[in-house]
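Here's the structure we're looking at; comments come further down.
The values are calculated or read from the model by the stated rules, or taken from the named source; none is laboratory data. Quick caveat, the model's predicted, so the values are computed rather than measured. Every residue, glycine as well, gets a Cβ built from its backbone with ideal geometry; the counts of neighbours run over all protein chains shown.
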Amino acid sequence: MPDADAAQSALRALHAEVDARAAGVAGRHGSRLHCRRGCSACCRDDLTVFEIEAERIRRAHPDLLDSGTPHAPGACAFLDAEGACRIYADRPYVCRTQGLPLRWLAEDESGQIVEARDICPLNEPGPPLETLAEPDCWLLGWAEERLAALQAAQDGGSLRRVALRSLFRRAAAPG
Ligand code: SF4
C-alpha cells in the first residue's frame, strides 16, 4: 500500500493528465462549449467521490471545511454565491470533464458492444454528436479505472465513496 503522500501525488498526476486531455478535446469545439465560471448546471448536490479524492480536498481546504458554510441543499455544497467552485483546483475527476461531448462503450441487450454518446444540454447546439470524430469526444472508462485502482491501492482494496457535502463540518447547517 503506498503511503498517503505518494497516493496524493499519484492522484494529482492523474488529475493533471485528465485536465490536459480534456483541454485538448475542448479545444476542438470552438464556441460550442458554454462551460465557464458561474455556470453550475453540472454541480449537483448528490455527488460522491472516492475517499482518495476527498482527502485531496481535506488537505487543501482545511479552513473552508472546518468553518465554511456549505451551499444550500439543491446544488453542490462547494459552490459559492456566484455559482463558482470554491475548490476548483482540487475538484474531483468527475468535475473535470463535464460539458464535453462524452462517449462510452457498453454491452447492449444482445451482448454486442455499442457506443453511446451524451453532452450537457447547454452544449447540445452544434453538429450532431453522432457525426463527431472520436477524438472530439471524451472517452469514459480509462480515467475511472485508474482512479479506482489508486483508491483501492490506498485503502486496502476498498472503493468507499464520500458525499461531497459531508466534508463540511457544518454539513447539516442551512446555506
Ligand atoms: S466540486 Fe466544484 S466543480 Fe465539482 S460539483 Fe462541486 S462546485 Fe461543481
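Worth pointing out:
- Filtering segment 54-79 to residues that are assigned to a loop (DSSP other than H, G, I, E, B), touching a residue at least 40 places away in the same chain (Cβ under 8 Å) and more than 17 Å from the chain's Cα centre (by Cα) leaves Gly68, Thr69, Pro70, His71, Ala72, Pro73.
- Tabulated pairs, segment 18-33, first surrounded by 10 or more Cβ atoms within 10 Å (Cβ to Cβ), second among the β-branched types (Val, Ile, Thr), C-beta under 6 angstrom, 6+ apart or interchain: Ala22/Thr97
- Residues being near the ligand (Cβ under 9 Å from one of its atoms), at pLDDT 95 or above and of a type in the set (S, T, N, Q) - total across segment 90-112: 0
- Test result for Glu115, over 20 Å from the mean Cα position of the chain (by Cα), in a helix (DSSP H, G or I), at pLDDT 95 or above and more than 10 Å from the ligand (Cβ to nearest atom): no
- Matching option when the condition is farther than 22 Å from Leu167 by Cα and surrounded by 11 or more Cβ atoms within 10 Å (Cβ to Cβ), among Ile113, Ile119: Ile119
- Checking each residue in segment 54-68 for being more than 14 Å from the ligand (Cβ to nearest atom) and surrounded by fewer than 16 Cβ atoms within 10 Å (Cβ to Cβ) picks out Arg59, Pro62, Asp63, Asp66, Ser67.
- Residue pairs meeting the criteria (Cβ under 7 Å; at least 6 apart or on separate chains; first free of Cβ contacts under 8 Å to residues at least 12 places away in the same chain, in segment 110-128; second among the basic types (Lys, Arg)): none
- Qualifying residue in segment 36-53 (condition: surrounded by 19 or more Cβ atoms within 10 Å (Cβ to Cβ) and either in a helix (DSSP H, G or I) or among the small types (Gly, Ala, Ser) (or both)): yes
- Test: residue in segment 48-63 that is of a type in the set (S, T, N, Q) and farther than 18 Å from Arg161 by Cα: no
- Taken as a whole, the structure places Ala75 among residues that are among the hydrophobic types (A, V, I, L, M, F, W, C), touching an Asp or Glu at 6+ places or on another chain (Cβ under 8 Å) and at pLDDT 95 or above.
- Per-region count, segment 128-156, residues farther than 17 Å from Val25 by Cβ, aliphatic (A, V, I, L, M) and surrounded by fewer than 15 Cβ atoms within 10 Å (Cβ to Cβ): 2
- Residue list for segment 80-89, restricted to those being within 8 Å of the ligand (Cβ to nearest atom), out of contact with any strand residue (DSSP E or B) (no Cβ under 9 Å at 6 or more places or on another chain) and not in a loop (DSSP other than H, G, I, E, B): Tyr88
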